[in-house]
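Please read the structure below before turning to the comments.
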Amino acid sequence: MELRPLNLDIYQNNKLEYKTIYIKLQSKQNDFNDKIGFWGKGKNNIRDDWFAFRQGESLSFEFSKNKFDSVLHEWSEYKISGYIRKSKFQRLNGSIIHKRFFEYISDIEIYSKSTAQQALDRLESQRVSLEMTNWKRQLNYQEQQEQENERTALKKSRDLLKEKQEDNLKLLKGIEPKLYKLKLLLDSFSTLEIKQDSYFPNSMTFVQNPNYQGAYSFYKKINDTVGVDEDLFLQLQLVEKIGLMDMPTIYERWCLLQIIKVLVDKFRFQPEKNWKKKLANQITGDINKTRDVRIKFTNASIGREVDLWYEKILPNKKRPDFILDIKSTFNTMHTHQLIMDAKFHEKVDIEKQISLLYHTKNYSENETNTVFILHPDVNKSIKNKRTPKKWGSDAYYGEIDMFNYDWDSKNPNHKYGAILLSPITNKGGYLDNLQRLIGMSMQYNLEDNSKILLEDLEQKKKMLNPEPKEKVFCLVCGSDKLQGTKTPTNREHGYRYNFICDECEHLYEYNYCWQCHHRLIKNGAYWSYHSSQILEPFNIKCPNCSELLRL
């Protein structure tokens, strides 16, 4: 690059030194007085070592902003010839900054490529290689191991499902004759126009009849066995008589049932005793009297409680559809609030809806809560897929920046997103996206993942330790029976933890980001909610700084 001044005498008369030096730019400083600055290192000859200042002293390079703002880059090395102005600046703490301002540059040459440019060159080389092999490559040893582990866990899950299926078939076979008799009986009632009497079962005619007393005794035993009492039974009959509702309301209430199903069937929570009555009351009662409905779920084995709120009014007077207050009962006693809103849209605009709920309506309550949209749009709602995961076209967990919101200057870090939840999808388990979301909230969002630097007495130094503070559980089958191992990372700056579920044999890894030291959790290729790089599908990206996990 050649930049000639109008008058060289200006620089010579000011006794500025004309030199050729080698510089290594490091982190960029804040712009000031139409200048850009970098912390860095320097040397006079290519074979010299970088000049080392004494402790408390540093070197700063400054350039004209309008000429070099788009030319110079962090973590790059340059050979520069020109007139240099030297100065020193002493800070209040006594440290000294040696400044070098390039008044005029006659020649500038890239001496070594920046880290970013090296990464781009590496990706370009990979692209050429993959095009020659029709975008196929051999898995490395680590990837083969990951794939084999996934295969083993899937086989075990399949076997467990087969066992449950066989148990259900036996149960169905046993009650099938009784179901046939009950159907005949109901048909007879319908033909004879037998209906419920408003005085039943309290009239003296029935009470004094021994046949009725025996039938009613068996009726009570059946109710006690099934767990349905008479009041609930009558409420369910009222639900059937409500008639048609608008589709958004039907979808919203269907979503509520799916949330309960995931908590109970997938994560083994126990709901409070009267939860069915609460649901029935909500559906059949006056809508103005049935908001703020709460159902409590507990799972002592994994040390967590969940309060599921339906149409709860927030302190800011907003009313989302569902709120999950996820509470630790094991160690930290933290509470995390997951807010979900059902949007019955045929073509949902994810970007617009997230901005509306998280920011404009402030469901996040100033970034305190995580906010997610539930929708039935099966037409690949994620238009700009940013992860190679199988679910990447239908679910966004805030695993990486996607929309560049002007109100959000940080990486999403799983604080907002949207998932497909539809009863008509044929892509695997229709509840998997919801299971992954609720599992993420209990496994990842419940902890502070930035505070993992601990003093290690054994190593006699500070080590990065991503050990979970909450009880570890299986995100796939809900079990709390896991075996764990602790090993140093390859860089030996910290540790990683590996867990295997005793029941379904699924593998988990707790590690950390080498760049920002944020805890990362790897749940396997399918169940991990962190993003992964397309050329390294078994490696995950940090949701806090977007760097790739390097072991």
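The values are calculated or read from the model by the stated rules, or taken from the named source; none is laboratory data. Just so it is clear, the structure is predicted and the values come from calculations on it, not from any experiment. When we count neighbours, we look across all protein chains shown, and the Cβ atoms used for this are built from the backbone with ideal geometry, even at glycine. Ligands, DNA and RNA are stripped out before the accessible areas are found, and what is left, the full protein with its side chains, is counted by its heavy atoms. Shrake-Rupley method; radii C 1.70, N 1.55, O 1.52, S 1.80 Å.
Assorted remarks:
- Karplus 3J(HN,Hα) series, Hz, for the range 398-408 with 6.51 cos²θ - 1.76 cosθ + 1.60 (x for Gly, Pro): x, 6, 7, 4, 10, 10, 6, 4, 5, 8, 10
- The order of the peptides 52-63, 156-167, 369-380, 496-507 by mean Cβ neighbours within 10 Å, most packed first, is 369-380, 496-507, 52-63, 156-167.
- Cβ charges +1 (Lys, Arg) and -1 (Asp, Glu), total dipole of the range 345-452, debye: 380 debye
- Solvent accessible area, Å² - Leu185, 1.4 Å probe, full protein context: 80 Å²
- Across Lys195/Lys276; Lys347/Lys389; Lys361/Lys385; Lys155/Lys343, pairs whose alpha-carbon gap is larger than 29 Å: Lys155/Lys343
- Mean Cβ neighbour count within 10 Å, used as a protection proxy, ranking 469-476, 77-84, 446-453, 65-72 highest first: 469-476, 77-84, 446-453, 65-72
- Accessible surface, per residue, of the range 263-379 when the full set of protein chains is kept, probe 1.4 Å, Å²: 48 Å²
- Diffusion of the range 392-551 by Stokes-Einstein, at 37 °C in a medium of 0.692 mPa s and with Rh set to the Kirkwood radius over alpha-carbon pairs, works out to 197 µm²/s.
- Within the range 117-185, chymotrypsin sites (Phe, Trp or Tyr not before Pro) in DSSP loop having at most 14 other beta-carbon neighbours inside 10 Å: Trp135
- With Rh defined as the Kirkwood radius, the inverse of the mean 1/r over Cα pairs, the Rg/Rh of the range 290-420 is 0.98.
- Taking the inverse of the mean 1/r over every pair of distinct Cα atoms in the range 128-194 gives a Kirkwood hydrodynamic radius of 17.3 Å.
- Within the range 38-166, DSSP assigns beta bridges of which about 75% are antiparallel (rounded to the nearest 5).
- Beta bridges by DSSP in the range 330-440, antiparallel share as percent, to the nearest 5: 15 percent
- Reduced Cα scattering model of the range 473-519, Debye log10 I(q)/I(0), q = 0.14, 0.15 Å⁻¹: -0.39, -0.44
- Per residue, the accessible area of the range 431-551 comes to 40 Å², computed with a 1.4 Å probe over protein heavy atoms only.
- Spatial separation of Cα centroids for the range 42-110 and the range 367-390, in angstrom: 46 Å
- Each residue, Asn168 and Asp349, gets one label point 7 Å from its Cα in the Cβ direction; the gap between the two is 4.0 nm.
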